[in-house]
Amino acid sequence: MVAFYNEMNTADGGVRPHYSEFAKWLQTAAPERLARKRAEADLTFHRVGITFAVYGEDAGKERLIPFDIVPRIIPADEWRDMSAGLRQRVKALNAFLHDIYHDQEIIAAGHIPAAQVLGNRQYRPEMQGVDVPGNIYAHIAGVDIVRAGEGEFYVLEDNLRVPSGVSYMIEDRKMMMRLFPELFSRHKVAPVLHYPDLLFDSLRTAAPDGVEDPTVVVLTPGAYNSAYFEHTYLAQQMGVELVEGRDLFVRDDTVWMRTTRGDERVDVIYRRIDDDYLDPLAFREDSMLGVPGLLSAYKAGRVTLANAIGTGVADDKSIYPYVPEMIRFYLGEEPILNNVPTYMCRKPDDLDYVLNHLGELVVKEVHGAGGYGMLVGPAASAGEIERFRERLIAEPDGYIAQPTLALSNCPTFVDAGIAPRHIDLRPFILSGEEVRMVPGGLTRVALREGSLVVNSSQGGGTKDTWVLEE
Amino acid sequence: MLSRTADHLFWMSRYIERAENLARLLDVTWQMSMVPQSLDAANQNWQAVINLNSLEDAFFAKYSETNAANVLRFMISDVDNPASITACLRMGRENAHAVRGTITAEMWETLNATWIELNTQNTDAMMTYGPSDFFDWVKLRSSLIHGATLGTMLQDEAYQFIRLGTLLERADNTARLLDVKYHVLVPTGEEATTDFYQWGALLRAVSAFEVYRKTFRTGITPSRVAALLTLHPSMPRSLLFCLRGAVRSLALVANDQSGETQRRAGRLYSELRYARIEDILASGLHEFLSDFMDRVEDLCNGVSNDFLVTPQAAA
């Protein structure tokens, strides 16, 4: 049995210093009050409509992401290291993206095989030689981090396409302040509610050269997208239009939106639509979500897309193992955050090892996301393992495997009372003239006992995340 | 503002207003059905509800008799009726959902909570204990939405499109209500049938009973009821009131291509403003109301073409 790191308690039953004040409060809090507060939170989230649409069965229904009332607390010094590591990582990833769409030095230097980059499904040849403002590709990154032990953090994946979840970070904070105001007078919790301001600022500075007062819009696939709440929320908080593809059109390599007072030029598009759907003329022609001609306007430098087209190649699971190499190559620094050791099934030796250790490993689809199409060896049945074995043998290129990490636990309010559940953390990193973030991020928690999968589509919940100020 | 956003706002308010007026229409029909009368006469009143909304095909595909239970069920919650109160509230909420970033949090939450509560309403219980509580609830929710709008929303362009949707829909609905009830109560066009209860119920359906008393201080007569609902300048559900508001809102959102729609709205308003009820009744209330409803529909199409429809969507 692996001993999991508990965020609040030490192995000998003591309480870690940064949780001591909270533990005292928890002792005096009646369980009935906590249960009532949790019910109140559910009710409020329903009424406010902070819900996500579900794919697959029950399609069309709106569901709540369960909110847990026990915060995840991060001490100041840990956050200092973590944020330095995140800054470093995102800088290197942006440098990598610029490089592979221009001179490809990292390939020439032999650090990454050319086929891994250029042959990647997410690599966009259309972007070769295209200059983007400030050389920023991933304006918004959501980097998933887990803790395995004291001071031991691993990056699980870098989300550089359209990372979501930041609205839950904000709503969870608002909910905690509403439910338990007394806790905030007993802790110096670093604020996060200004995230939309930082985002707006980053987007404005990303405007094409020469645009003095840029018009920023948020581009959504529409009301049936699972993250629609977040799209409306961010647009509203930034005070910009929330547009769909059909609201925009391209004329003379310029993007316009249709308004009640005529056409208005658009300079920066915070797009929450995948590359494939952005422009039916350039990518998937069956896309109803995109804007015909957008790529052409983008390449002409008349509009900025955030994130840029073609970032997917850098957060692809087959590229992930090379990120430490990127940090050394572009920044000349040693990585601050760890990468999880990764077996690449396209390598025969690795595949061999993986097939012999399926029961211990986590196997992921290279292009998968959202916890779909993944095998958690220790939790899987013999049948599931066999099915995955067949898929692996059939298409080894499509998979990577990693050792099952001993994800840390955090006390969580469940039906039986307070019990440990596994968590991860997704901080949101904004790149503009400088790299900025709000302290903490979104903590996701696997509500099922023993489960290591925190994705909301797989029964995960969220927690408020407190970075304590010194 | 985005044309699509304006379109959603316009339809959001139209659907909410329609749900409220449907509740009012059904409520008055229900109240009138409790006055002693023959079964045929009662069913005729319910039949009028179906005709009024041009729902004969959909209704008779499913039911054979226009009795209270069938019509109420069909108009309140039948999933096969796209014009039921439930359907209107759902469409109102869906339109609001599409622009929840444009309306205020209070407005959205009121609309969303309405939808959540609606799903807990039990149509069977309504049939057993009477639907009036439900109709009151619909009216109350609509009032809450109006209140949240008035109390929290910036009175900008977005607000004017909400206002336009509400007023044009209400004008049409009041005209419809008057048209159908007037002819049930005054089949020959004479001033003979002045049933206090029936007319009282009609006035209450548009929350105009007290207004009537204040305005006329005399017994209820059909022509005065008609005058109140069409030409009263400050009764919030009268045709004149609605048109005056619509003309104002149109002026505030005017763009390069909306001149003709403004002209037509202004002309219709002026005709009402200087009309006399005696003349209207002399040349036929039904004809007058039919013409009015056609012209309101024309205005809605004008608003749609001038502001809401994107060039490509129209092509």
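The values are calculated or read from the model by the stated rules, or taken from the named source; none is laboratory data. Since the model is a prediction, treat every value here as computed from it, not as a measurement. Cβ atoms come from the backbone with ideal geometry, glycine included; neighbour counts cover every protein chain shown. Areas reflect the complete protein model, heavy atoms only, side chains present, ligands, DNA and RNA absent. Shrake-Rupley method; radii C 1.70, N 1.55, O 1.52, S 1.80 Å.
For an R0 of 35 angstrom, estimate the FRET efficiency from the Cβ-Cβ distance between A:Arg186 and A:Glu449 and round to the nearest 0.05.
0.70
Write down the Å³ per residue value for the convex hull defined by the alpha carbon atoms of the range A:345-403. Please list the in-between numbers first.
Working: hull volume 4.1 nm³, N = 59.
With only Cα atoms used, the range A:345-403 gives 69 Å³ per residue.
Which whole-number percentage describes the relative contact order of the range A:121-267, with Cα contacts under 8 Å and a sequence gap of 6 or more?
Values: 141 pairs, mean separation 24.4, N = 147.
Dividing the mean separation by the residue count of the range A:121-267 yields 17 percent.
Rounded to the nearest percent, how much of the accessible area of chain A (1.4 Å probe, protein heavy atoms only) is carbon and sulfur?
Numbers: 9440 of 19090 Å².
Using a 1.4 Å probe with all protein chains present, chain A comes out at 49 percent carbon and sulfur.
Would you work out which of B:Ile280, B:Ser207, B:Val180 lies farthest towards the positive end of the dipole of the range B:166-310, given +1 charges on the beta-carbon of Lys and Arg and -1 on that of Asp and Glu, about the Cα centre?
Positive-most Cα among the choices belongs to B:Ser207.
Below 15 Å, Cα to Cα, which aspartates and glutamates can B:Lys181 reach? Residues fewer than 8 away in the same chain don't count.
Cα-Cα hits under 15 Å: B:Asp27, B:Asp172, B:Glu190, B:Glu191, B:Asp195, B:Glu287.
Mind ranking B:32-45, B:103-116, A:198-211 by how tightly packed they are, going by the mean number of other C-beta atoms within 10 angstrom, highest first?
Highest to lowest by the protection proxy: B:103-116, A:198-211, B:32-45.
Rounded to the nearest 20 debye, what is the charge dipole size of the range A:308-416 about its Cα centre when +1 sits on each Lys and Arg Cβ and -1 on each Asp and Glu Cβ?
60
At a cut-off of 30 Å², which residues of the range B:1-48 become less accessible once all protein chains are present than in their chain alone, using a 1.4 Å probe?
So the qualifying set is B:Met1, B:Leu2, B:Ser3, B:Arg4.
Residue separation times 0.36 nm, minus the C-alpha to C-alpha distance between A:Asp286 and A:Glu384: what's the value?
Contour length minus Cα-Cα distance gives 31.8 nm.
So for the range B:1-153, what are the equivalent ellipsoid semi-axes in whole Å, largest first, each being the square root of 5 times an eigenvalue of the Cα gyration tensor?
Working from the Cα gyration tensor, I get semi-axes of 31, 16, 13 Å.
Across peptide A:238-245, what mean number of C-beta atoms from other chains lies inside 10 Å of a residue's C-beta? Kindly include the intermediate steps, with their values, before the conclusion.
Details: counts 1, 1, 1, 6, 8, 3, 3, 0.
Rounded to a whole number, the mean comes out at 3.
Please work out the C-alpha center-to-center distance from the range A:100-133 to the range B:47-74 and express it in whole Å.
Rounded to whole Å, the Cα centres lie 66 Å apart.
When 1/r is averaged over all different Cα pairs and the result inverted, which Kirkwood radius in Å belongs to chain B?
20.2
Could you report the range B:1-153's accessible area per residue, 1.4 Å probe, as an integer in Å²? List each step's numbers first, then the result.
Working: 6020 Å² over 153 residues.
Averaged over the residues of the range B:1-153, the accessible area is 39 Å².
Relative contact order for chain A using alpha-carbon pairs under 8 Å, separation at least 6, rounded to a whole percent?
The normalised contact order for chain A reaches 23 percent.
In whole Å, what are the Cα extents of the range B:166-310 along the three principal axes, biggest one first?
51, 28, 25
Give the span of the range A:157-304's Cα atoms along each principal axis, as three whole-Å numbers ordered largest to smallest.
Computed over the Cα atoms, the extents are 58, 35, 34 Å.
Grab the Cα-Cα distance for A:His102 and A:Lys24, subtract it from 0.36 nm times how many residues apart they are, and report the gain in nm with one decimal.
Contour length minus the Cα-Cα distance gives 22.5 nm.
Mind checking which lysines have their C-alpha under 23 Å from A:Lys364, skipping anything on the same chain fewer than 8 residues away?
Hits, sequence-local ones excluded: A:Lys317, A:Lys347.
Tell me, rounded to the nearest percent, the portion of alpha carbon pairs in chain A spaced more than 37 Å apart. Intermediate results must be reported in sequence, preceding the final value.
Numbers: 29774 of 110215 pairs.
In whole percent, the share of Cα-Cα pairs in chain A beyond 37 Å is 27.
Once R0 is set to 51 Å, what does the formula 1/(1 + (r/R0)^6) return for the Cβ-Cβ distance between B:Arg213 and A:Ala39, expressed as a FRET efficiency to the nearest 0.05?
Calculated value: 0.60.
A:Gly312: net charge of surrounding residues, Cβ under 10 Å, Lys/Arg +1, Asp/Glu -1, itself excluded? Each step should come with its number before you reach the end.
Numbers: positive: A:Arg121, A:Arg124, A:Arg161; negative: A:Asp274, A:Asp275, A:Asp276, A:Asp315, A:Asp316.
My count for the surroundings of A:Gly312 gives -2.
In straight Cα distance, which lysines are under 21 Å from A:Lys463, not counting same-chain residues fewer than 8 positions off?
Within reach: A:Lys24, A:Lys37, A:Lys174, A:Lys188.
Dipole of the protein assembly as shown, Cα-centred, from +1 at each Lys and Arg C-beta and -1 at each Asp and Glu C-beta, to the nearest 20 debye?
2100
What does the C-alpha gyration tensor say about the overall shape of the range A:184-256? Classify as rounded when a/c is under 1.5, otherwise prolate if a/b is larger than b/c, or oblate.
In terms of gyration-tensor shape, oblate.
State the extension gain, in nm to one decimal, for the chain segment bounded by A:His46 and A:Ala11, taking 0.36 nm per residue of separation less the distance between their alpha-carbons. Kindly include the intermediate steps, with their values, before the conclusion.
Details: separation 35, 0.36 × 35 = 12.60 nm, distance 3.82 nm.
That works out to 8.8 nm of additional length.
Evaluate the relative contact order of the range B:8-163 (contact order divided by residue number), counting alpha-carbon pairs under 8 angstrom at least 6 apart; express in whole percent. Present the calculation step by step, with values, prior to reporting the outcome.
Details: 143 pairs, mean separation 54.0, N = 156.
Relative CO of the range B:8-163 lands at 35 percent.
Quick one: plug the Kirkwood hydrodynamic radius of the protein assembly as shown (C-alpha pairs) into Stokes-Einstein at 37 °C, 0.692 mPa s, and report D in µm²/s.
Working: Rh = 29.8 Å.
Stokes-Einstein gives a translational diffusion coefficient of 110 µm²/s.
Between chains A and B, what is the buried accessible area in Å², counting both sides, with a 1.4 Å probe and ligands, DNA and RNA left out, to the nearest 100?
Chains A and B together bury approximately 2200 Å².
For the pair B:Ser223 and A:Gln458, how long in nm is the line joining their label points, each one 7 Å along Cα→Cβ?
With each label point 7 Å from Cα toward Cβ, the separation is 7.9 nm.
What does the average come to when, for each residue of peptide B:91-103, you count the partner chain Cβ atoms lying within 10 Å of its Cβ?
4
So for the protein assembly as shown: antiparallel DSSP bridges make up what percent, rounded to the nearest 5? Write out the running numbers ahead of the final one.
Working: 52 of 70 bridges.
About 75 percent, rounded to the nearest 5.
Towards the positive end of the charge dipole of the range B:1-153, with charges on Cβ (+1 Lys, Arg; -1 Asp, Glu), say which of B:Pro131, B:Leu72, B:Ile145 has the farthest Cα.
Projecting each Cα onto the dipole axis, the largest value belongs to B:Ile145.
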